[in-house]
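Structure first, then comments.
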Amino acid sequence: MSLKILGIDLGGTSVKLAILTSEGDIQQKWSIATDILDGGKQIVPDIIASINHHLDLYQLTKDDFSGIGMGSPGAVDGDKKTVTGAFNLNWKETQEVGKQIEEALGLPFYIDNDANVAALGEKWKGAGADDPDVVFVTLGTGVGGGIVLNDQLIHGTAGSAGEIGHMTIEPHGFDCTCGKKGCLETVASASGVINLTRQFSENYAGESQLKVLIDDGEDITSKMVFDFAKENDALAVMVVDKFAFYLGLACSHLGNSLNPKYIIIGGGVSNAGDFLIDKVKKNFEEFTFPNVRQTTKIKLAELGNDAGVIGAGYLVKADQN
Ligand SMILES: [Zn+2]
(Lines give C-alpha, C1' and ligand atoms only; values in the text may rest on other atoms or scores of the structure.)
Protein backbone atom coordinates (compact mmCIF):
# COMPACT_ATOMS: atom_id res chain seq x y z
CA MET A 1 0.00 0.00 0.00
CA SER A 2 1.34 3.40 -0.88
CA LEU A 3 2.08 5.81 1.92
CA LYS A 4 -0.05 8.79 2.90
CA ILE A 5 1.06 12.43 2.99
CA LEU A 6 0.39 15.15 5.60
CA GLY A 7 -0.39 18.59 4.14
CA ILE A 8 -0.35 21.81 6.21
CA ASP A 9 -1.56 25.25 5.10
CA LEU A 10 -0.43 27.82 7.66
CA GLY A 11 -2.39 31.08 7.66
CA GLY A 12 -2.75 34.14 9.87
CA THR A 13 -6.07 33.07 11.40
CA SER A 14 -6.12 29.27 11.02
CA VAL A 15 -3.91 26.32 10.21
CA LYS A 16 -5.50 23.82 7.82
CA LEU A 17 -4.26 20.24 7.98
CA ALA A 18 -5.06 17.20 5.88
CA ILE A 19 -4.17 13.57 5.44
CA LEU A 20 -3.81 12.88 1.72
CA THR A 21 -3.38 9.73 -0.30
CA SER A 22 -0.19 9.48 -2.36
CA GLU A 23 -2.38 10.64 -5.28
CA GLY A 24 -3.38 13.86 -3.52
CA ASP A 25 -6.93 12.96 -2.53
CA ILE A 26 -8.02 14.28 0.86
CA GLN A 27 -8.90 11.51 3.34
CA GLN A 28 -9.24 13.63 6.48
CA LYS A 29 -9.03 17.35 7.04
CA TRP A 30 -9.31 19.64 10.02
CA SER A 31 -8.11 23.04 11.19
CA ILE A 32 -6.87 24.75 14.33
CA ALA A 33 -6.70 28.43 15.28
CA THR A 34 -3.36 30.17 14.70
CA ASP A 35 -2.09 31.50 18.04
CA ILE A 36 -0.07 34.56 17.07
CA LEU A 37 0.35 35.79 20.67
CA ASP A 38 3.84 35.85 22.22
CA GLY A 39 5.65 36.23 18.90
CA GLY A 40 3.75 33.24 17.47
CA LYS A 41 5.92 30.81 19.42
CA GLN A 42 3.05 28.38 20.09
CA ILE A 43 2.22 27.96 16.38
CA VAL A 44 4.56 25.08 15.57
CA PRO A 45 4.07 23.23 18.90
CA ASP A 46 0.28 23.52 18.37
CA ILE A 47 0.62 22.00 14.88
CA ILE A 48 2.73 19.12 16.22
CA ALA A 49 0.25 18.42 19.03
CA SER A 50 -2.68 18.51 16.62
CA ILE A 51 -1.00 16.07 14.23
CA ASN A 52 -0.17 13.67 17.07
CA HIS A 53 -3.73 13.90 18.34
CA HIS A 54 -5.20 13.11 14.91
CA LEU A 55 -2.80 10.24 14.22
CA ASP A 56 -4.02 8.69 17.49
CA LEU A 57 -7.62 9.38 16.55
CA TYR A 58 -7.30 7.62 13.18
CA GLN A 59 -5.01 4.89 14.59
CA LEU A 60 -2.14 5.87 12.31
CA THR A 61 1.60 6.11 13.01
CA LYS A 62 4.44 7.90 11.27
CA ASP A 63 5.16 4.70 9.35
CA ASP A 64 1.92 5.25 7.41
CA PHE A 65 3.35 8.50 5.94
CA SER A 66 6.02 9.40 3.40
CA GLY A 67 6.38 12.99 4.62
CA ILE A 68 4.91 16.34 5.61
CA GLY A 69 4.52 19.40 3.38
CA MET A 70 3.67 22.95 4.42
CA GLY A 71 2.74 26.27 2.86
CA SER A 72 3.59 29.34 4.94
CA PRO A 73 3.34 33.12 4.66
CA GLY A 74 6.58 35.11 4.71
CA ALA A 75 9.96 34.47 3.11
CA VAL A 76 10.45 30.71 3.05
CA ASP A 77 13.82 29.02 2.61
CA GLY A 78 12.96 25.58 1.27
CA ASP A 79 16.49 24.20 1.73
CA LYS A 80 16.94 25.38 5.32
CA LYS A 81 13.21 24.79 5.99
CA THR A 82 12.91 28.15 7.74
CA VAL A 83 10.46 31.07 7.60
CA THR A 84 11.45 34.73 8.03
CA GLY A 85 9.35 37.89 8.25
CA ALA A 86 5.87 36.36 8.38
CA PHE A 87 4.35 39.45 9.96
CA ASN A 88 0.77 38.18 10.08
CA LEU A 89 2.06 35.36 12.33
CA ASN A 90 4.15 37.78 14.46
CA TRP A 91 7.21 35.85 13.21
CA LYS A 92 9.78 38.61 12.83
CA GLU A 93 12.88 36.50 13.39
CA THR A 94 13.79 33.38 11.40
CA GLN A 95 11.81 30.35 12.58
CA GLU A 96 13.30 26.84 12.45
CA VAL A 97 10.01 25.27 11.41
CA GLY A 98 11.49 22.23 9.67
CA LYS A 99 13.86 21.38 12.51
CA GLN A 100 11.07 21.45 15.10
CA ILE A 101 8.65 19.37 13.04
CA GLU A 102 11.18 16.79 11.86
CA GLU A 103 12.51 16.29 15.40
CA ALA A 104 9.03 15.93 16.87
CA LEU A 105 7.42 13.76 14.21
CA GLY A 106 10.34 11.91 12.61
CA LEU A 107 9.16 12.45 9.03
CA PRO A 108 10.78 14.27 6.08
CA PHE A 109 9.48 17.86 5.91
CA TYR A 110 9.10 20.20 2.94
CA ILE A 111 8.05 23.85 2.91
CA ASP A 112 7.38 26.64 0.41
CA ASN A 113 5.45 29.91 0.46
CA ASP A 114 1.68 29.80 0.57
CA ALA A 115 1.03 31.17 -2.94
CA ASN A 116 3.49 28.71 -4.51
CA VAL A 117 1.92 25.84 -2.60
CA ALA A 118 -1.60 26.85 -3.69
CA ALA A 119 -0.30 26.90 -7.28
CA LEU A 120 0.95 23.33 -6.87
CA GLY A 121 -2.44 22.27 -5.50
CA GLU A 122 -4.35 23.69 -8.47
CA LYS A 123 -1.75 22.25 -10.84
CA TRP A 124 -1.98 18.74 -9.34
CA LYS A 125 -5.65 18.20 -8.47
CA GLY A 126 -7.48 21.34 -9.58
CA ALA A 127 -7.92 23.31 -12.81
CA GLY A 128 -4.38 22.40 -13.90
CA ALA A 129 -5.35 18.73 -14.48
CA ASP A 130 -1.75 17.79 -13.56
CA ASP A 131 -0.32 19.50 -16.64
CA PRO A 132 3.43 20.20 -16.21
CA ASP A 133 3.12 23.91 -17.19
CA VAL A 134 0.70 25.96 -15.10
CA VAL A 135 0.63 29.51 -13.71
CA PHE A 136 -1.62 30.39 -10.77
CA VAL A 137 -2.78 33.91 -9.92
CA THR A 138 -4.63 34.47 -6.64
CA LEU A 139 -6.69 37.61 -6.09
CA GLY A 140 -7.38 38.18 -2.38
CA THR A 141 -6.33 40.80 0.15
CA GLY A 142 -3.22 40.91 -2.02
CA VAL A 143 -2.34 39.41 -5.39
CA GLY A 144 -0.04 36.39 -5.30
CA GLY A 145 1.01 33.71 -7.68
CA GLY A 146 3.07 30.68 -8.48
CA ILE A 147 4.74 29.46 -11.66
CA VAL A 148 5.11 25.73 -12.35
CA LEU A 149 7.11 24.74 -15.42
CA ASN A 150 8.11 21.17 -16.27
CA ASP A 151 6.40 20.10 -13.01
CA GLN A 152 8.79 22.34 -11.02
CA LEU A 153 8.01 25.46 -9.03
CA ILE A 154 10.10 28.37 -10.29
CA HIS A 155 11.77 30.28 -7.43
CA GLY A 156 14.20 32.59 -9.26
CA THR A 157 17.59 33.71 -8.01
CA ALA A 158 16.29 35.13 -4.72
CA GLY A 159 12.93 33.42 -4.23
CA SER A 160 10.77 36.12 -5.82
CA ALA A 161 9.66 34.33 -8.99
CA GLY A 162 5.89 34.24 -9.23
CA GLU A 163 5.35 37.60 -7.45
CA ILE A 164 2.77 38.41 -10.08
CA GLY A 165 1.12 41.01 -7.84
CA HIS A 166 4.02 43.41 -8.39
CA MET A 167 3.95 43.25 -12.18
CA THR A 168 3.60 46.87 -13.36
CA ILE A 169 0.42 47.31 -15.38
CA GLU A 170 0.09 51.12 -15.08
CA PRO A 171 3.45 52.96 -14.87
CA HIS A 172 1.98 56.01 -13.11
CA GLY A 173 -0.73 54.17 -11.20
CA PHE A 174 -1.68 53.76 -7.54
CA ASP A 175 1.01 53.46 -4.84
CA CYS A 176 1.76 49.87 -3.84
CA THR A 177 2.86 48.58 -0.41
CA CYS A 178 6.12 47.45 -2.09
CA GLY A 179 7.11 51.10 -2.72
CA LYS A 180 6.44 50.99 -6.47
CA LYS A 181 3.52 52.41 -8.45
CA GLY A 182 0.92 50.70 -10.62
CA CYS A 183 1.40 47.10 -9.49
CA LEU A 184 -1.30 44.57 -10.46
CA GLU A 185 -2.08 44.25 -6.74
CA THR A 186 -3.14 47.94 -6.59
CA VAL A 187 -6.04 47.26 -8.97
CA ALA A 188 -6.79 43.52 -8.80
CA SER A 189 -6.82 42.73 -5.07
CA ALA A 190 -9.97 43.26 -2.99
CA SER A 191 -8.76 46.74 -2.00
CA GLY A 192 -7.45 47.31 -5.55
CA VAL A 193 -10.97 46.98 -6.94
CA ILE A 194 -12.01 49.67 -4.45
CA ASN A 195 -9.10 51.92 -5.58
CA LEU A 196 -10.40 51.66 -9.14
CA THR A 197 -14.01 52.17 -8.06
CA ARG A 198 -13.21 55.39 -6.19
CA GLN A 199 -11.14 56.71 -9.10
CA PHE A 200 -13.91 56.09 -11.63
CA SER A 201 -16.60 57.35 -9.26
CA GLU A 202 -14.93 60.77 -8.89
CA ASN A 203 -15.16 61.45 -12.60
CA TYR A 204 -18.54 59.85 -13.20
CA ALA A 205 -21.67 61.96 -13.52
CA GLY A 206 -24.28 59.53 -14.91
CA GLU A 207 -26.83 57.22 -13.30
CA SER A 208 -25.40 54.54 -10.99
CA GLN A 209 -26.64 52.89 -7.82
CA LEU A 210 -23.04 52.11 -6.92
CA LYS A 211 -22.15 55.82 -7.15
CA VAL A 212 -25.08 56.72 -4.89
CA LEU A 213 -23.74 54.32 -2.22
CA ILE A 214 -20.21 55.69 -2.52
CA ASP A 215 -21.41 59.31 -2.32
CA ASP A 216 -23.44 58.36 0.78
CA GLY A 217 -20.21 57.14 2.41
CA GLU A 218 -21.24 53.47 2.48
CA ASP A 219 -18.55 50.80 2.76
CA ILE A 220 -18.05 49.22 -0.66
CA THR A 221 -16.65 45.70 -1.20
CA SER A 222 -15.23 44.19 -4.37
CA LYS A 223 -18.11 41.69 -4.32
CA MET A 224 -20.63 44.55 -4.39
CA VAL A 225 -18.86 46.10 -7.39
CA PHE A 226 -19.02 42.80 -9.34
CA ASP A 227 -22.65 42.23 -8.32
CA PHE A 228 -23.63 45.71 -9.55
CA ALA A 229 -21.72 45.12 -12.79
CA LYS A 230 -23.69 41.91 -13.38
CA GLU A 231 -26.84 44.06 -13.13
CA ASN A 232 -25.39 46.49 -15.69
CA ASP A 233 -24.79 49.37 -13.31
CA ALA A 234 -22.86 51.73 -15.63
CA LEU A 235 -20.16 52.76 -13.14
CA ALA A 236 -19.62 49.18 -11.95
CA VAL A 237 -19.31 47.97 -15.54
CA MET A 238 -16.61 50.59 -16.22
CA VAL A 239 -14.68 49.44 -13.13
CA VAL A 240 -14.94 45.74 -13.95
CA ASP A 241 -13.95 46.35 -17.60
CA LYS A 242 -10.84 48.22 -16.44
CA PHE A 243 -10.07 45.50 -13.88
CA ALA A 244 -10.37 42.85 -16.61
CA PHE A 245 -8.13 44.92 -18.89
CA TYR A 246 -5.37 45.04 -16.26
CA LEU A 247 -5.68 41.37 -15.32
CA GLY A 248 -5.85 40.32 -18.98
CA LEU A 249 -2.76 42.42 -19.71
CA ALA A 250 -0.85 40.83 -16.81
CA CYS A 251 -1.92 37.35 -17.96
CA SER A 252 -0.80 38.14 -21.51
CA HIS A 253 2.72 38.91 -20.23
CA LEU A 254 2.71 35.55 -18.42
CA GLY A 255 1.41 33.82 -21.54
CA ASN A 256 3.78 35.52 -23.98
CA SER A 257 6.82 34.79 -21.82
CA LEU A 258 6.01 31.36 -20.34
CA ASN A 259 3.35 29.80 -22.63
CA PRO A 260 1.84 27.60 -19.89
CA LYS A 261 -1.05 25.28 -20.72
CA TYR A 262 -3.23 27.06 -18.13
CA ILE A 263 -3.25 30.37 -16.31
CA ILE A 264 -5.51 29.69 -13.33
CA ILE A 265 -7.26 32.56 -11.54
CA GLY A 266 -8.28 32.00 -7.90
CA GLY A 267 -8.83 33.81 -4.59
CA GLY A 268 -11.83 35.63 -3.16
CA VAL A 269 -12.09 38.29 -5.88
CA SER A 270 -12.38 35.54 -8.53
CA ASN A 271 -15.70 34.41 -7.00
CA ALA A 272 -17.32 36.66 -9.63
CA GLY A 273 -16.78 33.57 -11.79
CA ASP A 274 -17.31 33.24 -15.53
CA PHE A 275 -18.62 36.82 -15.76
CA LEU A 276 -15.13 37.97 -14.81
CA ILE A 277 -13.13 35.29 -16.63
CA ASP A 278 -14.86 35.97 -19.96
CA LYS A 279 -13.83 39.63 -19.81
CA VAL A 280 -10.26 38.72 -18.81
CA LYS A 281 -10.03 36.23 -21.69
CA LYS A 282 -11.06 38.89 -24.22
CA ASN A 283 -8.19 41.16 -23.15
CA PHE A 284 -5.77 38.24 -22.89
CA GLU A 285 -6.54 37.25 -26.46
CA GLU A 286 -6.01 40.79 -27.69
CA PHE A 287 -2.56 41.02 -26.09
CA THR A 288 -1.15 37.58 -26.91
CA PHE A 289 0.44 36.52 -30.17
CA PRO A 290 -1.25 33.75 -32.17
CA ASN A 291 0.56 30.66 -30.91
CA VAL A 292 0.08 31.66 -27.26
CA ARG A 293 -3.52 32.76 -27.87
CA GLN A 294 -4.29 29.31 -29.27
CA THR A 295 -2.44 27.20 -26.71
CA THR A 296 -2.57 28.98 -23.32
CA LYS A 297 -5.99 28.89 -21.63
CA ILE A 298 -7.33 31.08 -18.81
CA LYS A 299 -9.33 29.09 -16.25
CA LEU A 300 -10.98 29.57 -12.86
CA ALA A 301 -9.44 27.78 -9.87
CA GLU A 302 -11.36 24.72 -8.67
CA LEU A 303 -10.05 23.76 -5.22
CA GLY A 304 -10.89 26.81 -3.11
CA ASN A 305 -9.46 26.49 0.41
CA ASP A 306 -8.17 22.95 -0.22
CA ALA A 307 -5.49 24.12 -2.71
CA GLY A 308 -3.01 24.81 0.11
CA VAL A 309 -3.05 21.44 1.86
CA ILE A 310 -3.06 19.55 -1.45
CA GLY A 311 -0.19 21.62 -2.86
CA ALA A 312 1.74 21.12 0.38
CA GLY A 313 1.33 17.39 -0.23
CA TYR A 314 2.72 17.81 -3.74
CA LEU A 315 5.99 19.12 -2.25
CA VAL A 316 6.42 15.68 -0.63
CA LYS A 317 5.35 13.75 -3.71
CA ALA A 318 7.54 15.78 -6.11
CA ASP A 319 10.67 15.20 -4.05
CA GLN A 320 10.11 11.48 -3.57
CA ASN A 321 9.20 10.55 -7.14
ZN1 LIG B 1 3.99 46.35 -5.68
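The values are calculated or read from the model by the stated rules, or taken from the named source; none is laboratory data. Please read these numbers as outputs of a predicted model, since none were measured by experiment. Here Cβ is always computed from backbone atoms with ideal geometry, including for glycine, and neighbour counts include all displayed protein chains. Accessible surface is based on the protein model in full, side chains and every heavy atom, while ligands, DNA and RNA are left aside. Shrake-Rupley method; radii C 1.70, N 1.55, O 1.52, S 1.80 Å.
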Checklist line | Volume of the Cα convex hull of the chain, divided per residue and given in Å³ | finding: 144
Notebook entry, point to check: How much accessible surface does L184 have with a 1.4 Å probe, in Å² rounded to 10?
Noted result: 0
Checklist line | Point-to-point label distance, I154-S14, nm (Cα→Cβ direction, 7 Å offset) | finding: 3.3
Margin query: Suppose a student asked you for the relative contact order of region 128-257, using Cα pairs under 8 Å spaced at least 6 residues apart; what percent would you report?
Written below: 18
Notebook entry, point to check: Using modelled backbone amide H atoms (1.01 Å from N, in-plane), which distant-in-sequence or interchain residues come within less than 5 Å of G67's amide H?
Noted result: L6
Checklist line | Helix axis angle, 114-125 relative to the chain longest principal axis, alpha carbon, degrees | finding: 80
Item checked: Spatial separation of Cα centroids for region 1-41 and region 155-203, in angstrom -> 30
Next item on the list: May I ask you to work out the translational diffusion coefficient for region 10-114 at 25 °C, viscosity 0.890 mPa s, via Stokes-Einstein with Rh from the Kirkwood sum over Cα pairs, reported in whole µm²/s?
Entry: 175
Margin query: If I model a spin label at A318 and F87 as a point 7 Å from the Cα along the Cα→Cβ vector, what separation in nanometres do I get?
Written below: 2.7
Next item on the list: Anything over 22 Å Cα to Cα? Flag those among K92/K223; K16/K230; K242/K299; K180/K242; K16/K41; K4/K123, in the order listed.
Entry: K92/K223; K16/K230
Next item on the list: Among the aspartates and glutamates, select those whose C-alpha is under 18 Å from the C-alpha of K181, and discard any that sit fewer than 8 residues away in the same chain.
Entry: E163, E170
Note to self: Show me the ranking of peptides 23-29, 247-253, 81-87, 160-166 by mean Cβ neighbours inside 10 Å, starting with the highest.
What the structure shows: 247-253, 160-166, 81-87, 23-29
Notebook entry, point to check: By how many nm would the segment from T168 to T221 lengthen if fully extended, with 0.36 nm per residue of separation less the alpha-carbon distance?
Noted result: 16.7 nm
Next item on the list: Report the far tail of the P(r) of region 87-144, meaning the percent of Cα-Cα pairs longer than 15 Å.
Entry: 65
Notebook entry, point to check: Can you give me the relative contact order of region 237-306 as a percent, contacts being Cα pairs under 8 Å and 6 or more apart?
Noted result: 46
Next item on the list: Enter the angle in degrees (range 0 to 90, nearest 10) between the Cα long axis of helix 307-320 and the first principal axis of the Cα atoms of the chain, meaning the one along which they spread out most.
Entry: 50
Note to self: Less than 14 Å Cβ to Cβ from A318, Lys/Arg counted +1 and Asp/Glu -1: what total charge do the surrounding residues give?
What the structure shows: -2
Next item on the list: With label points built 7 Å along Cα→Cβ from the Cα atoms of H53 and A205, find their separation and express it in nm.
Entry: 6.3
Note to self: With the cut-off at 1.5 for a/c, could you classify region 249-321 from its C-alpha gyration tensor as rounded, prolate or oblate?
What the structure shows: oblate
Item checked: Ellipticity estimate at 222 nm from DSSP helix runs (n ≥ 4, -39,500 (n - 2.57)) divided over the chain, nearest 500 -> -12500 deg cm²/dmol
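Please give the contour-minus-distance gain from D64 to E286: 0.36 nm per residue of separation, less the Cα-Cα distance, rounded to one decimal in nm. Provide the component values of the computation, followed by the final result.
Details: separation 222, 0.36 × 222 = 79.92 nm, distance 5.06 nm.
The span from D64 to E286 would gain 74.9 nm if fully extended.
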Item checked: Theoretical gain in end-to-end length, Q27 to K261 [0.36 nm per residue, Cα-Cα removed] -> 81.4 nm
Margin query: Considering just Cα atoms, how many Å³ per residue does the convex hull of region 127-301 enclose?
Written below: 113
